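S.K.: Quick one: the structure is below, and I'll ask about it shortly.
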Amino acid sequence: MTRIVRAAIAQTEWTGDKDSMIAEHVRLAREAAEQGAQVMCFQELFYGPYFCQVQDADYYSYAEAIPDGPTTELMCELAAELKMVLVLPMYEIEQAGLLYNTAAVIDADGTYLGKYRKTHIPQVKGFWEKFYFRPGNLGYPVFDTAVGQVGVYICYDRHFPEGWRALGLNGAEIVFNPSATSRGLSAYLWKLEQTASAAANMYFVGAINRVGIEEELGDNDFYGTSYFASPRGQFVGDPASDQDAELVVRDLDLDMVEEVRNQWAFYRDRRPDMYGDLVAD
């Protein structure tokens with residue numbers, strides 16, 4: 001039997017407050033479900049602005065406990081209602097002073113499956129993330145969901161091939177990479193890196209970026225262009241707009257994962273015995 005999974009990603013603009021951002025994403029999830037989507041991922045830090053353009057401790061208040069916070073609980077109910085797997089990139093507080101850039105994964109029956117914490121944390125102009133986030137410490141989990149094996153990598157992580165490979169070795173069939181990245185900094189890499197990572201690791205990638213300029217925080221121009229890439233490194237349909245909010249829904253043939261891995265056999269031909277210098281201090 002062919003394994004076709006209908007997957008959705010959403011790129012949105014900052015609405016100005018947390019409650020309306022959550023409401024907008026609930027609306028988008030319902031719209032995706034009406035189109036038959038079985039799994040959906042939101043953009044990085046989905047219910048807030050991308051506050052890392054400045055360094056201001058007031059934005060710590062956006063952090064919530066995961067899974068015991070109100071947004072995760074709300075989305076568990078929504079996932080069960082829509083029978084949809086949800087990937088929720090959020091700001092997480094473990095305890096005072098321990099904050100993470102995190103994605104919670106909820107199964108289609110509303111069960112909280114676990115979370116991934118962003119591993120690589122940038123600290124450059126307009127992306128002052130070390131002020132807000134501790135580096136992730138949960139490794140590269142892959143979640144056994146109703147639609148298959150799902151992994152998450154977050155924004156700046158995408159520049160590091162090691163995590164992409166770890167997710168593949170852990171069994172990922174779909175990896176979502178929710179992001180907040182700006183036109184002047186990375187647009188020339190956006191369609192290159194994630195398609196190449198999909199091909200190198202022979203799984204589907206969902207690449208999500210927000211849109212618009214959040215003028216109260218800075219001049220980062222978020223350029224959208226969200227897309228799905230196949231295990232062959234090709235776009236699944238066209239990428240989204242670089243200007244406007246958009247819901248992207250695509251059919252992913254998960255049988256292609258095994259087909260491409262049998263054809264290219266990159267995992268068979270790896271030589272980890274020769275890679276020791278890559279991880280030496």
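S.K.: If I ask for residues that are over 18 Å from the mean Cα position of the chain (by Cα), within 20 Å of Val150 (Cβ to Cβ) and of a type in the set (A, V, I, L, M), which ones from the range 233-281 would you list?
M.R.: Leu254, Met256, Val257, Val260
S.K.: Further question on the same structure: Show me the strands (runs of 3 or more DSSP E) found entirely inside the range 84-161 where at least 2 residues are under 13 Å from Glu44 (Cβ atoms), hydrophobic (A, V, I, L, M, F, W, C) and free of Cβ contacts under 8 Å to residues at least 60 places away in the same chain.
M.R.: Answer list for the range 84-161: 85-95.
S.K.: From Asn201, Asn262, Asn220, which residue is more than 23 Å from Leu28 (Cβ to Cβ) and crowded, with 19+ Cβ neighbours inside 10 Å?
M.R.: None of the other options fit; the residue is Asn201.
S.K.: When residues of the range 89-139 are filtered for being at pLDDT 95 or above and in contact with a Ser or Thr (Cβ under 8 Å, 6 or more places away or on another chain), how many remain?
M.R.: Residues that pass the stated criteria total 17.
S.K.: Hey, another quick one. So, in the range 229-258, exactly how many residues are touching a residue at least 12 places away in the same chain (Cβ under 8 Å) and part of a helix (DSSP H, G or I)?
M.R.: Looking only at that region, the number is 3.
S.K.: Do the conditions hold for Met40, that is, is it touching a residue at least 24 places away in the same chain (Cβ under 8 Å), under 20 Å from Cys155 (Cβ atoms) and in a helix (DSSP H, G or I)?
M.R.: Spelling it out, it is not the case that Met40 is touching a residue at least 24 places away in the same chain (Cβ under 8 Å), under 20 Å from Cys155 (Cβ atoms) and in a helix (DSSP H, G or I).
S.K.: Looking at Glu64, Glu13, Glu24, Glu31, can you tell me which residue is within 17 Å of the chain's Cα centre (by Cα), surrounded by fewer than 21 Cβ atoms within 10 Å (Cβ to Cβ) and touching a residue at least 12 places away in the same chain (Cβ under 8 Å)?
M.R.: That would be Glu13, the only listed residue that is within 17 Å of the chain's Cα centre (by Cα), surrounded by fewer than 21 Cβ atoms within 10 Å (Cβ to Cβ) and touching a residue at least 12 places away in the same chain (Cβ under 8 Å).
S.K.: Let me ask something additional. Go through (1) in contact (Cβ under 8 Å) with a residue 40 or more places away in the chain; (2) within 19 Å of Phe143 (Cβ to Cβ); (3) buried (at least 19 other Cβ atoms within 10 Å of the Cβ) and name the single condition Arg6 misses.
M.R.: With respect to (1) in contact (Cβ under 8 Å) with a residue 40 or more places away in the chain; (2) within 19 Å of Phe143 (Cβ to Cβ); (3) buried (at least 19 other Cβ atoms within 10 Å of the Cβ), Arg6 is out only on (3).
The values are calculated or read from the model by the stated rules, or taken from the named source; none is laboratory data. None of the values given here were measured: they were computed from a predicted structure. In this analysis, Cβ positions are derived from the backbone assuming ideal geometry, glycine residues included, and neighbour counts consider all displayed protein chains.
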